[in-house]
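I have placed the structure first, in the form of structure tokens, so that the comments after it can refer back to it.
The values are calculated or read from the model by the stated rules, or taken from the named source; none is laboratory data. In this text, all values refer to a predicted model and were calculated from it rather than measured experimentally. Methodologically, a virtual Cβ is constructed for each residue, glycine included, from the backbone with ideal geometry; neighbour enumeration extends over all protein chains shown. For accessibility, only protein heavy atoms count, side chains too; no ligands or nucleic acids. Shrake-Rupley method; radii C 1.70, N 1.55, O 1.52, S 1.80 Å.
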Amino acid sequence: MRYIGFDMGDGESAVAAFEKGSTIEPVLFPVGGVKSVLSAVGMRGGEIVIGERAYTDALADNLSVRFKSRFTTDPASYEDIVQFVRGVLQDLKNTGHFDYDDQFVVGCPAGWNAACRARYRDLLIRAGVILPQVISESRAAFLYAKYAHTVALDVDILNESALVADIGSSTLDYAYIVDGRETGVGTFGENALGGGVLDAALLRRAVDRSRQRDEIRAVFSECRSWYSYCEIEMRRLKEEYFTRLETEDAPVVKKQLKICYDGVQKLTLEINADEIAHVIDEPLPELDGRSFTGAVRESLENAARLTADRPPEMLLLTGGASRMPFFRELCQEIFDSAIVISCPEPEFSIAKGLAYAGWIDENLRIFRQTVQDEITETRISLIVSEAMSRLLPAVADALTTLILDEAALPIARQWKHGQIDTLEEMEKQIAGRIERVLSSPLAQEALAPAVTHWLGGLEETFQSIVDPICDEYDVPRKEMQLNLAASGAAQVEFGSGLWSGLSIVKTVIGMIVSVIGGVLCGGGGMALIASGPLGFVAGLAIGVLASVIGWKPMTDGLLKLNLPLLLRQTAGLEKQLSGDQTRRELKKRILEAISPEDSPFRTELTGSFARAFRTYVKSLAEAAEIPIQ
């Protein structure tokens with residue numbers, strides 16, 4: 001599959017393609033015979049014409065330029081965008097550079113909101129692009145910087161913090177990167193600040209200087225095609241000036257145009273150092289009275305504020321307008337501690353970055369889906385169930401301590417001090433408290449250490465499932481390195497479902513009641529009652545009664561008695577409940593209750609972990625990326 005990066009700029013556009021799995025950088029596809037095609041569209045003889053063909057030889061009808069910068073404010077630009085994209089697609093088809101299986105990735109300014117991006121995508125579909133992906137141009141610039149072999153970046157610096165500044169014809173966009181990871185990229189920018197503002201200002205000044213200014217203004221107001229033609233010529237003259245400025249100290253570029261509409265008007269275009277200095281420093285209506293340098297400075301200073309916590313150590317400049325020396329000087333002034341680097345071919349960096357984005361996003365999309373498809377709850381549950389026998393003893397031990405310390409003993413103390421009237425009432429309160437404790441965060445806190453330790457022994461098994469998926473989709477294994485102990489996967493929810501049917505509660509209550517009965521009636525039914533001289537007499541009477549009516553009814557009768565406070569305090573119930581023998585017996589009973597494969601505890605715990613683990617693995621997959629090499 002090929003991924004086609006389509007950078008539709010306000011001034012010029014470019015198309016680049018990246019073959020899936022290729023180690024070669026994206027290749028530029030010429031449009032209209034050139035790598036960087038003029039973003040101009042018109043009609044001639046019922047045919048869409050774009051680029052040079054739209055205004056050379058014969059001026060196209062309804063010639064339009066700078067339609068992208070008008071997209072968010074002028075619905076009339078919609079049809080121009082659709083026509084231009086159709087023209088680009090047709091040219092790619094004619095030259096054999098288009099296939100219906102190609103995945104198109106189209107850039108947009110970082111400042112466009114979701115509604116703008118959706119509307120833009122709809123226009124692309126209308127033009128004939130199948131399922132286009134729309135991403136911010138600043139993100140594309142970052143991806144180009146990250147993956148392109150021709151950009152000599154210091155990887156160590158990029159792994160710290162960096163800022164990509166992409167200035168084109170209509171926008172100034174930023175991508176802020178922390179720790180060299182795309183998942184940490186923040187994009188923002190200015191939707192109406194680019195080199196096209198200077199084109200319009202330079203053309204306006206040229207008209208103001210003309211003796212035929214009134215006639216030319218009249219032509220521009222009546223014929224969009226002639227205005228667009230003159231603006232294109234001014235842009236080209238500006239680009240020639242800045243290109244020559246790299247080798248000449250004070251270049252002067254000049255061109256005379258003939259406007260043939262209602263008669264012939266002559267317009268002289270001239271750019272020199274004074275003209276550029278004037279146009280970048282004068283208040284401009286397009287910028288609400290701010291100068292171009294003032295607006296750029298404000299934007300850069302705002303970017304510096306947004307990145308102040310970790311100032312960029314490197315500033316990468318992309319976009320055709322980044323060739324302007326004063327822009328680079330402002331960047332270096334405001335980010336004085338950063339290394340400033342310009343892309344070798346800034347006009348093509350976005351198209352290539354978009355092509356990279358198509359491959360990266362598709363690869364990771366399939367990878368993430370495969371993770372979800374292969375790491376199912378059923379598969380996880382089977383592994384967990386087979387390993388459950390190693391966990392249950394530790395669970396039983398933790399539950400024994402929790403139930404006795406947080407439920408049985410506190411209630412027994414209340415009975416001892418007379419706050420509860422009968423042993424029967426104490427039994428009911430213990431039952432209710434056990435239910436509440438088992439369903440509270442206390443249960444999760446008590447069981448979490450045992451579960452975390454147990455999961456540590458399963459990491460290798462789960463990792464062996466994840467690693468082959470990483471290998472298949474070129475995602476480094478370290479991107480999906482499991483750490484169950486430190487993740488939410490170990491925080492299994494121990495809710496009421498674990499104790500469904502209250503089998504554990506019934507088991508525990510039965511055990512505690514037997515202990516109470518043993519304490520009160522142990523040694524022939526006289527352990528408590530026979531303490532002291534009066535107790536001895538009472539014990540004899542109870543013994544006689546027990547021989548008549550039987551032991552079980554006698555025990556039930558005792559549970560209903562409101563025993564004297566003195567007798568309660570000498571019973572030793574707390575000591576018996578917290579003793580080693582009671583704890584061993586209770587642990588045994590709990591283990592018997594939770595061990596069957598169909599027990600609510602095992603079923604719910606297995607399902608809870610399977611869900612938590614899938615969520616954890618999904619979060620890892622969402623953050624996974626191919627790191628900087």
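Want the number for Leu561 to Ser385: 0.36 nm per residue separation, take away the alpha-carbon distance, what's left? Mind showing how you got there, number by number?
Working: separation 176, 0.36 × 176 = 63.36 nm, distance 4.67 nm.
Contour length minus Cα-Cα distance gives 58.7 nm.
So what is log10(I(q)/I(0)) for segment 239-337 at q = 0.10, 0.13 1/Å, when the Debye sum runs over its Cα atoms only?
-0.40, -0.63
Give me the accessible area per residue for the chain, probe 1.4 Å, as a whole number in Å². Walk me through the numbers before you get to the answer.
On the way: 27550 Å² over 629 residues.
Result: 44 Å² per residue.
Inverting the mean 1/r over all pairs of different Cα atoms, compute the Kirkwood radius of segment 300-376 and quote it in Å. Can you show the working numbers first?
Details: mean 1/r = 0.0661 Å⁻¹.
One decimal place: 15.1 Å for the Kirkwood radius.
Multiplying the sequence separation of Phe326 and Ile24 by 0.36 nm and subtracting their Cα-Cα distance, what value in nm do you get?
On the way: separation 302, 0.36 × 302 = 108.72 nm, distance 3.39 nm.
So the chain would gain 105.3 nm between Phe326 and Ile24.
What FRET efficiency, computed as 1/(1 + (r/R0)^6) with R0 = 35 Å and r the Cβ-Cβ distance, is obtained for Thr268 and Cys116, rounded to the nearest 0.05? Kindly include the intermediate steps, with their values, before the conclusion.
Details: r = 39 Å, r/R0 = 1.11.
E(calc), rounded to 0.05, equals 0.35.
Given the protein chains as shown and a 1.4 Å probe, how many square angstrom of Glu79 are accessible, to the nearest 10?
In the full protein context, Glu79 sits at about 80 Å².
Once the Cβ-Cβ distance between Asn302 and Asp281 is put in as r, and R0 is 22 Å, what FRET efficiency do you end up with, to the nearest 0.05? Mind showing how you got there, number by number?
Values: r = 20 Å, r/R0 = 0.91.
E(calc), rounded to 0.05, equals 0.65.
Hey, any idea what Rg/Rh is for segment 154-274, computing Rh the Kirkwood way over Cα pairs?
On the way: Rg = 19.8 Å, Rh = 17.0 Å.
Using Cα coordinates only, the ratio equals 1.17.
Starting from the eigenvalues of the Cα gyration tensor, five times each then square-rooted, give me the equivalent ellipsoid semi-axes of segment 1-131, largest first, whole Å. It would help to have the intermediate numbers written out before the result.
Numbers: eigenvalues 104, 75, 31 Å².
Calculated on Cα positions only, the semi-axes equal 23, 19, 13 Å.
In what sequence, highest mean first, do 605-613, 423-431, 438-446, 138-146 appear when ranked by Cβ atoms within 10 angstrom?
Working: 605-613: 21.1, 423-431: 19.1, 438-446: 17.3, 138-146: 28.3.
Answer by packing, highest mean first, reads 138-146, 605-613, 423-431, 438-446.
Roughly to the nearest percent, how much of the accessible area of segment 54-142 is carbon and sulfur, given a 1.4 Å probe? Don't skip to the end; give the middle numbers.
On the way: 1720 of 3590 Å².
Exposed carbon and sulfur together represent 48 percent of the surface.
Please list the non-local residues whose amide H lies under 5 Å from the amide H of Asp179, H modeled 1.01 Å from N, same-chain partners needing a gap of 5 or more.
Glu160, Ser161
Spelling out what I want: for every residue of segment 423-438, take phi, set θ = phi - 60°, compute 6.51 cos²θ - 1.76 cosθ + 1.60 (Karplus), and round to whole Hz; glycine and proline get x.
5, 5, 5, 4, 4, 5, 5, 4, 4, x, 5, 4, 4, 5, 5, 5
Counting each DSSP H run of 4 or more residues in the chain as -39500 (n - 2.57), what helix-only mean residue ellipticity at 222 nm follows after dividing by all residues, to the nearest 500 deg cm²/dmol? Can you show the working numbers first?
Details: 24 runs with 331 residues, N = 629.
Theoretical 222 nm ellipticity from helices: -17000 deg cm²/dmol.
Using a 1.4 angstrom probe on heavy atoms only, work out the carbon and sulfur share of the accessible area of segment 329-451 in %.
Numbers: 2410 of 5110 Å².
Carbon and sulfur atoms account for 47 percent of the accessible area of segment 329-451.
For segment 353-365, in order, what is each residue's ³J(HN,Hα) by Karplus, 6.51 cos²θ - 1.76 cosθ + 1.60 with θ = phi - 60°, in whole Hz (x at glycine and Pro)?
x, 5, 5, 4, 4, x, 5, 4, 5, 5, 4, 6, 4
To test your reading of the geometry: what angle, between 0 and 90 degrees and rounded to tens, separates the Cα axis of helix 137-147 from the longest principal axis of the chain?
Approximately 80 degrees, to the nearest 10.
Given the chain, what percent of its DSSP beta bridges are antiparallel, to the nearest 5? Before the final figure, lay out each step's value.
Details: 41 of 58 bridges.
Here the antiparallel bridges make up roughly 70 percent for the chain.
Please list, by residue number, everything in segment 210-226 whose backbone N is under 19 Å from a paramagnetic label point 7 Å out along Cα→Cβ of Asn62.
220-226
Carbon and sulfur atoms: what percent of the 1.4 Å accessible area of segment 242-300 do they account for?
Details: 1490 of 3250 Å².
Solvent-exposed carbon and sulfur of segment 242-300 make up 46 percent of the total.
Could you tell me, in Å, what Rg and Dmax come out for the Cα atoms of segment 410-456?
15.1, 48
Have a look at the chain and give its Rg and Dmax from the Cα atoms, expressed in angstrom.
Taking only Cα atoms of the chain, I get Rg and Dmax of 39.3, 135 Å.
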